[in-house]
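**Q** Take this structure first; my questions come after.
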Amino acid sequence: MADRKTRTAWYTGRGMIYKRCRVAVIGAGPGGLSAAIRLAELGVDVMILDDKPSAGGQLFKQIHKFFGSEHHMAGVRGIEIGSLLLGRCKELRIPILLNTPVWGVFPGFIVAGESEGEALIVEAEAIIVATGAGENALAFPGWTLPGVMGAGAAQTLVNFYRVRPGNRALVIGAGNVGLIVSYQLLQAGIEVAAVVEGMDRVGGYMVHASKVRRMSVPVLTRHTIVSAEGTERVSGCRIAEVDPSFNTIPGTEKDFQVDMICVAVGLSPAVELLRAMDVPMCYVRELGGYLPLHNEVLMTKKAGVFVAGDLSGIEEASSAMEEGRLAAVSVTEYLGAVSPEIASREKARISENLDKLRSGPFGELIMRKKQDVFTRYRHVQ
Ligand SMILES: Cc1cc2nc3c(=O)[nH]c(=O)nc-3n(C[C@H](O)[C@H](O)[C@H](O)COP(=O)(O)OP(=O)(O)OC[C@H]3O[C@@H](n4cnc5c(N)ncnc54)[C@H](O)[C@@H]3O)c2cc1C
């Protein structure tokens, strides 16, 4: 049966639902939503699948104003950017299937769990995978106690569900995520005992570090967690200074009474689906570890499979949105649904926007590492 509004076809078999579209987008974060919007604007029939009960990926946790340039919505809160993207999806009548975890990606189709508990098969001529990233874990004595959580989990509880997971926190990691989450915990009325950072300097932007310090939270560089204390749940923690080889220095231990410990020690691209599909990977520490090998226009080594956002290397929502649009144009060209002249003009414009985002000392490093990925792509069959 063809739905006249979306031109998306679906029909139901026993225990299994089949759907069909020209392009399936996995992940409804800023990368996936932007990809689907551009595809629909270019007249391509598209469908989005996401495992969560609501769309937006990380955006609806981000109550702070975004940084960057005006073009990239600096000064606008993540939640507002999320609403704008979802509003546009609605205008374009893009189907977003929620509570739909994708289990497998195969050439020409994907398999997912459907909200009614049935298996869902989506046939698609091309697939954009925009599954984002997962938080890195840190093992230390007591790390499995209730009360130890990823900073992203704390952010979801506080900003999205409006639940305070504790009263006094230790935050591990002074990158942007650790600093932003610390500030948001304070806004929610949770005391932050300290932010500890193993490196000798703060990794996140100074503007975030200063905000936290102004609230009298010590940001202790060259420190790490030694252990979480407690029997049923976290009731305290021990930290210590580290030497240049990251060994703890005896005699420098400090104890804090806390009931939650937030771990913010980096993100890794969510590559599981593509790994299972045997998409060639590469390891780039500065981009989050293993990521799918891809070229300048976000094509992987599997025909018809494209990537966008944090999955292609950890950056920011602004770059995830630009990459989503770039992947959309590449896919449209791959399907022959846009002339090569129009496609190359648009790809050049988006690439220029991405280059602007990747300026400054940190951005330039990202740019160099991305170029390495593109070079490796050309050398792998
Ligand atoms: C604390 C914090 C602050 C930040 N601040 C900023 C900022 O100020 N400015 C900025 O530009 N960026 C910021 N970012 C970064 C930004 O949020 C991410 O870079 C961006 O969300 C990445 O977008 P994405 O679409 O690639 O992934 P995500 O937003 O993570 O979306 C991926 C989606 O895919 C879904 N998914 C994953 N696997 C599957 C599967 N198998 N099946 C179905 N669905 C799946 C996920 O549930 C998720 O909804 C911040 C991030 C954090 C954590």
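The values are calculated or read from the model by the stated rules, or taken from the named source; none is laboratory data. Since we're looking at a predicted model, the values are computed, not measured. Here the Cβ positions follow ideal geometry from the backbone for every residue, glycine too, while neighbour counts run over all protein chains shown. Just the protein is used for accessible areas: all its heavy atoms, side chains included, with ligands, DNA and RNA removed. Shrake-Rupley method; radii C 1.70, N 1.55, O 1.52, S 1.80 Å.
**Q** Since residue 116 meets every condition but one in (1) over 17 Å from residue 59 (Cα atoms); (2) at pLDDT 95 or above; (3) in a loop (DSSP other than H, G, I, E, B), which condition does it not meet?
**A** (2)
**Q** Take the residues in the stretch 146-161 that are out of contact with any Asp or Glu (no Cβ under 8 Å at 6 or more places or on another chain) and in contact (Cβ under 8 Å) with a residue 24 or more places away in the chain; name whichever of them is surrounded by the fewest Cβ atoms within 10 Å (Cβ to Cβ).
**A** Among residues in the stretch 146-161 that are out of contact with any Asp or Glu (no Cβ under 8 Å at 6 or more places or on another chain) and in contact (Cβ under 8 Å) with a residue 24 or more places away in the chain, the one surrounded by the fewest Cβ atoms within 10 Å (Cβ to Cβ) is 160.
**Q** Kindly check whether there is at least one residue in the stretch 212-221 that is in contact (Cβ under 8 Å) with a residue 40 or more places away in the chain and within 14 Å of the ligand (Cβ to nearest atom).
**A** Scanning the stretch 212-221, I find no residue that is in contact (Cβ under 8 Å) with a residue 40 or more places away in the chain and within 14 Å of the ligand (Cβ to nearest atom), so the answer is no.
**Q** Of all residues in the stretch 1-42, how many are modelled with pLDDT of 80 or more and open to solvent by 70 Å² or more (accessible area, probe 1.4 Å)?
**A** Result for the stretch 1-42: 4.
Every residue, every condition in (1) crowded, with 20+ Cβ neighbours inside 10 Å; (2) within 15 Å of the ligand (Cβ to nearest atom), yes or no:
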site	(1), (2)
131	yes, yes
136	no, yes
143	no, no
164	no, no
173	yes, yes
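**Q** Let me ask something additional. Tell me which strands (runs of 3 or more DSSP E) are completely within the stretch 228-270 and hold 1 or more residues being open to solvent by 70 Å² or more (accessible area, probe 1.4 Å) and more than 16 Å from the ligand (Cβ to nearest atom), or say none if there are none.
**A** Filter on the stretch 228-270 gives 236-241, 254-256.
**Q** Which of the residues belonging to the stretch 19-54 are part of a loop (DSSP other than H, G, I, E, B), of a type in the set (Gly, Ala, Ser) and over 30 Å from residue 212 (Cβ atoms)?
**A** 27, 28, 43
**Q** Can you tell which of 45, 50 is farther than 30 Å from residue 176 by Cβ, modelled with pLDDT of 95 or more and acidic (Asp, Glu)?
**A** Going through 45, 50 in turn, just one is farther than 30 Å from residue 176 by Cβ, modelled with pLDDT of 95 or more and acidic (Asp, Glu): 45.
**Q** Counting only residues that are assigned to a helix (DSSP H, G or I) and either open to solvent by 10 Å² or more (accessible area, probe 1.4 Å) or in contact with a Gly (Cβ under 8 Å, 6 or more places away or on another chain) (or both), how many does the stretch 297-318 have?
**A** So the answer is 5.
**Q** Tell me whether the stretch 280-295 contains one or more residues that are in a helix (DSSP H, G or I), within 16 Å of the ligand (Cβ to nearest atom) and either farther than 26 Å from residue 204 by Cβ or aromatic (Phe, Trp, Tyr) (or both).
**A** The answer is no, given that none of the residues of the stretch 280-295 is in a helix (DSSP H, G or I), within 16 Å of the ligand (Cβ to nearest atom) and either farther than 26 Å from residue 204 by Cβ or aromatic (Phe, Trp, Tyr) (or both).
**Q** Please specify each residue of the stretch 93-102 satisfying the condition of being in contact with a helix residue (DSSP H, G or I) (Cβ under 8 Å, 6 or more places away or on another chain) and either within 14 Å of the ligand (Cβ to nearest atom) or at pLDDT below 95 (or both).
**A** Within the stretch 93-102, 96, 102 meet the criteria.
**Q** Here's a follow-up. Given the conditions (1) in a helix (DSSP H, G or I); (2) of a type in the set (A, V, I, L, M, F, W, C); (3) open to solvent by 50 Å² or more (accessible area, probe 1.4 Å), and given that residue 89 satisfies all but one, which numbered condition is not satisfied?
**A** Tallying (1) in a helix (DSSP H, G or I); (2) of a type in the set (A, V, I, L, M, F, W, C); (3) open to solvent by 50 Å² or more (accessible area, probe 1.4 Å), residue 89 fails exactly one: (3).
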